[in-house]
Amino acid sequence: MKPLSEPPPPLPAPEASSGAENGLEEVPHRLSDRVEGLTCPNCGGTLAVDSGLRVVFCEYCRTPLLVSSETGARRFAVEPQIGADRAKTVAREWLTKGMRKDPKLRREARLGEAVLCFLPFYRVRADCVGVALGTELRQRTVGSGKNRRVETYEVDVERKVGQSHDRTYPAVDVSEWGLQRVNLVGDPLVPFEASSLRRRGMVFEPTGSEQRVFNAAIERFRTATNPAAGLKKVRFEFLETVRERLSVIYYPLWVVRYHYRDRAYQILVDAEDGSLAYGKAPGNDFFRAAMLVLAEAGAVFIATTALQFAGEGCLAVAAVFGIGLSIVLWGWKHFRYGGVVIEGTGVEPVTRATRFDKLNRWLRGGRGDELR
């Protein structure tokens, strides 16, 4: 905030009138409509400024001030709501529950100290609106009896889309942390103040390109909302993104490290809601072997039983073989990848592992379109 050289002319005082007299209800300011924590450069008083105002008066010394913002993305932080003791309790409870983890963790795992860290995430929000005119393929059944058949025909359609997107992307190399996303729904945001956060924990700065993330995310939103997707013929297409916003969110996480059989592991606990964000632990070898043996036994039982009623048809034999093979692969997956258990709200599904690796390469200087 900067003091003005010449104060502007005073505005006329508004007439005292209630909202009921004007036929309107008074709507109080929401927390997100005010920026708190600003200080007056003249007297040092703490100010709260309504969002969107450019000229304000200090309520203590009445100095006219010009509100200016920094260049680049707006920065916010999420306030931690739980302490270190609660974070350790969450980590201990996770280590002692579940059959997939090594049962000896209950007795031999030694928890270390909990460290509060603020990790930066890029938050990209946008609204996609569009319309497409064209034709799509549909199927219908015609005829009856032996003449019954399925035919494909084209239908003229008009598709309208209007969807809001809100996605977070890690702003640092997440290979060490394992956390790939955070949930900001319902989380109150406060203005970012580096000195205040550093007094409470470790603050990490973004290492990726803001513009690259923003462009890749907008393109991804457009691809996911494209109204012409799946149309046989496209006669007219319009798709636009509005209210595009990019911000940096510093999210609080408790890092709890523990040692087990001369190896170090870490658990991340969400400092805002107390949930497990990321946990890594050695797997249960007995559980892995049992899953593989049970899957093979179940596949053999189903295959031999089904073949007795399937007859000699090639399609029936192929179907039974496919079912048995899928069961064996399911057991092999638990055996092959069960040596390490990774769980948490910030872990992407296994089907997105390739995209996760691309994101790490992009953060190390790869191409921006690898986010798609």
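Before moving on, here are some points about what is shown:
- Cβ pairs under 8 Å, 6+ apart, first in the stretch 97-112 and outside any loop (DSSP other than H, G, I, E, B), second charged (D, E, K, R): Glu108/Arg261; Leu111/Lys88; Leu111/Arg92; Leu111/Arg257; Gly112/Arg257
- Residues in the stretch 143-172 that are assigned to a loop (DSSP other than H, G, I, E, B) and over 28 Å from the mean Cα position of the chain (by Cα) were compared, and the one that is surrounded by the fewest Cβ atoms within 10 Å (Cβ to Cβ) is Ser144.
- Residues that are within 30 Å of Leu184 (Cα to Cα) and acidic (Asp, Glu) within the stretch 139-168 comprise just one, Asp166.
- Yes/no for Ser175 being among the small types (Gly, Ala, Ser) and part of a strand (DSSP E or B): no
- Checklist (1) in a helix (DSSP H, G or I); (2) touching a strand residue (DSSP E or B) at 6+ places or on another chain (Cβ under 7 Å) applied to Phe286, failing item: (2)
- Look at the stretch 63-88: where a residue is over 27 Å from Glu244 (Cβ atoms) and modelled with pLDDT under 90 and a partner is assigned to a loop (DSSP other than H, G, I, E, B) and of a type outside the set (A, V, I, L, M, F, W, C), sitting 6+ places away or on another chain with Cβ atoms under 6 Å, you get Thr63/Asn42; Pro64/Pro7.
- Some residue of the stretch 210-221 being more than 20 Å from the chain's Cα centre (by Cα) and either more than 24 Å from Thr39 (Cα to Cα) or at pLDDT below 90 (or both): no
The values are calculated or read from the model by the stated rules, or taken from the named source; none is laboratory data. If you're wondering where the values come from, they're calculated on a predicted model, not measured in any experiment. Don't worry about glycine lacking a Cβ; one is built from the backbone with ideal geometry, like all the others, and counts go over all protein chains shown.
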